[in-house]
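Structure first, then comments.
The values are calculated or read from the model by the stated rules, or taken from the named source; none is laboratory data. Just so it is clear, the structure is predicted and the values come from calculations on it, not from any experiment. Reconstructed Cβ throughout: ideal geometry from the backbone, glycine too, with neighbour counts over all protein chains shown. Accessible surface areas use protein heavy atoms only, side chains included; no ligands, DNA or RNA. Shrake-Rupley method; radii C 1.70, N 1.55, O 1.52, S 1.80 Å.
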Amino acid sequence: MDEVIQVTQWLSSITPRKKAKLFFFTTHADAPSPMVGSNDVDTHEETQLPLATTVALHNFKNIDEFLKKKVNTFSCYNVIENEITKTDYEYLRFYSACKYLDVAPPFLDLEKISAIQNKFEMTDEERDYRLLLDSADLVLEKVCDSLKPAGVSQMWTALRKDRNLIRGVKTIDIIGFFVDPNPTGIKECLFFFIVRFLQKADKINRVNTNRLERLIAQCDESSSCEEGKTIDFIIDSLRFYPTELYPFGFCLIMCVIEGRDGAMQEIEKTMEISRHLGMITHTEKNPTKETIELVKKELMKPKYQFYSSFTCWFMSHGDSNSMVLADGETIEREWFLTSFPDISTFQLKPKVFFMVSCRGANKFSLKGDEFEGQSATCDYYDIGSALIRNRMLDITDSVRDISYVQPMMDTLVAYSTILDHLSGRANTHGSIYVDRACVLMSENISRGRSLTEILEHLSQDLHEILQETMDEDRIVYKQACHYDSFFRKTLKLPYTRHPKEDVHSAPQ
């Protein structure tokens, strides 16, 4: 069959709502860099004009033309070995979006997709189409699905009132002030236009969504929310780090085995819980400084841009400032923690470090006969929020910026013990902290718990356990763990996700 006829038939089989979503996912705001063929040329016309004209004319002609152009580009594209191009990235995004929406064209060249994945050096696990979807876009899709056409129309009206933001933007004028978002697919086009416009204007990104939240907050709940949804529910969904679908993220496990009883048990437990959470996992046994440098270099490869989060378990002996590596050399803990968050592939994404080592030799010892032989190795004032707000600073958009980010932002560091103190372990099972952390995370999957909630529970649980030193003094003591957080959103534990199972349910 002629390719033009095939493309026409394919487009005619896609609903307007799915066309809007396919366009949205395909024109993803943050492409990996550096890439061949990628530059700072303004893509305003390509990403916003089709949405604007569709909303204004209630006609999907321009979106159809955009999708046809994409298909034709991919059809003629020759995959060049070694070089990763902008088209490679766009092809993978288009493929994953089609799979997710259940509109994959029968003529899509899967051999080209496989060749592109080879260029990205993707493993078998990483070839799951869900990895290629941007989790932030999936969250925004759910927000859109939670709003009625009237809600998106109210957001548009609120946006149009911000004259400083919209001044001189031609696509804003194309849509006009009053919009009828009720025809099928128009609500989606208008919402996605608002999102892409705010992203291009540097007002929102995958972490900073305050400007979008403020637009939603101005909607009238009774007319703007789909059944069972509320304004608070919709806004709350934007306050979590986007980690939708599989995989939850990339997990690096580094464990010094030499001279550490139970170290293999630590590796097994952390690997098991990481996979149970839906992470793709890599393990380095007996790491050296050279190993760490090689891993950092590996994490800078373009394929890691597709991951939603990064988790690292580092397990070794240590003291107050440093950690002991497999070859007996030491590295400064601070150096390790500050070098990984600066990796560009995980910028604006949650990065969690579990640092499992002693930080000194002190012990919170328990004295008394009852501990011998026991161890496991205000008034309310009702002040209106409006009154409080009236007395606070008026922080305008002109003094806000989301472009520059301190490298440690979006990072959480969890320590197995407090400064200058021991980190206990059992002869056969390794670190007690690792054991309890894995147990609690496993128990709380599917319960909607956040990582910090789990860590607070872990702090309580670990501090109840009586431990005993392994020397001749046999001192009974307690261990206290803690964490330092630079998070700007909440990181929720995912539902159980098995990489070989297709948990996808096609959106409408």
### In sequence order, calculated HN-Hα J values of the range 193-198 (Karplus, 6.51, -1.76, 1.60; Hz; x Gly/Pro)
5, 4, 5, 5, 4, 5
### Query
To the nearest 10 square angstrom, how much accessible area does residue 335 have with a 1.4 angstrom probe?
80
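With every protein chain kept in place and ligands, DNA and RNA left out, what is the accessible area per residue of the chain? Probe 1.4 Å, answer in Å². Each step should come with its number before you reach the end.
Numbers: 24410 Å² over 508 residues.
About 48 Å² of surface per residue is accessible.
Counting only protein heavy atoms, what percent of the accessible surface of the range 285-329 is carbon or sulfur at a 1.4 Å probe? Don't skip to the end; give the middle numbers.
Working: 890 of 1860 Å².
About 48 percent, which is the carbon plus sulfur part of the accessible surface.
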### Message
Check which residues have an amide H placed less than 5 Å from residue 468's amide H, if you skip close sequence neighbours.
### Response
376, 377, 477
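Using only the Cα atoms of the range 179-236, build the gyration tensor, take square roots of its eigenvalues as a ≥ b ≥ c, and label the shape rounded, prolate or oblate: rounded if a/c is under 1.5, else prolate if a/b is larger than b/c, else oblate. Write down the numbers at each step before the final one.
Numbers: a/c = 2.28, a/b = 1.19, b/c = 1.91.
Oblate, since a/c reaches 1.5 and b/c is not below a/b.
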#### Entry: Check: the chain dipole with +1 on Lys, Arg Cβ and -1 on Asp, Glu Cβ, in debye
1820
### Task
List every residue whose amide H lies under 5 Å from the amide H of residue 330, counting only residues 5 or more places away in sequence or on a different chain, with H placed 1.01 Å from N in the peptide plane.
325
### Query
Taking the alpha-carbon centroid of each part, what is the distance from the range 280-355 to the range 77-108 in angstrom?
31
## Note on the structure
So the FRET efficiency between residue 170 and residue 124, C-beta based with R0 = 60 Å and rounded to 0.05, is 0.80
### Query
Taking the Cβ-Cβ separation of residue 157 and residue 15 as r and a Förster radius of 22 Å, what is the calculated FRET efficiency to the nearest 0.05?
0.25
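Carbon and sulfur atoms: what percent of the 1.4 Å accessible area of the range 129-227 do they account for? Please report the intermediate quantities before stating the final value.
On the way: 1730 of 3800 Å².
Taking all protein chains in place, the range 129-227 shows 46 percent carbon and sulfur surface.
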### Task
May I ask what percent, to the nearest 5, of DSSP beta bridges between residues of the chain are antiparallel?
35
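Can you pull out the trypsin sites (Lys or Arg not before Pro) in the range 206-298 that DSSP calls coil and that have at most 14 other Cβ atoms within 10 Å? Intermediate values should be presented prior to the final figure.
Numbers: sites: 206, 211, 214, 229, 239, 260, 269, 275, 285, 289, 296, 297; in loops: 206, 229, 239, 260.
Filter output for the range 206-298: 239.
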### Query
Ordering 139, 399 by how much accessible area each has at a 1.4 Å probe, largest first, what is the list?
399, 139
### Query
How much mean residue ellipticity at 222 nm does the chain get from its helices, if each DSSP H run of length 4 or more adds -39500 (n - 2.57) and you divide by all residues, to the nearest 500 deg cm²/dmol?
-12500 deg cm²/dmol
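Starting from the residue with the highest accessible area, list 121, 298, 468 in decreasing order, probe 1.4 Å. Working shown, then result.
On the way: 121 100, 298 55, 468 35 Å².
In descending accessible area the options line up as 121, 298, 468.
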### Message
Positive end of the dipole of the chain, charges at C-beta (+1 Lys, Arg; -1 Asp, Glu), about the Cα centre: which of 452, 322, 237 has its Cα farthest in that direction?
### Response
237
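Rank 177, 487, 197 by accessible area, highest first, at a 1.4 Å probe radius?
Working: 177 75, 487 40, 197 10 Å².
If we order 177, 487, 197 from most to least accessible, we get 177, 487, 197.
If I take R0 = 41 Å and measure r between the Cβ atoms of residue 429 and residue 240 in this structure, what FRET efficiency does the formula 1/(1 + (r/R0)^6) give, to the nearest 0.05? Mind showing how you got there, number by number?
Details: r = 33 Å, r/R0 = 0.80.
FRET efficiency, residue 429 to residue 240: 0.80.
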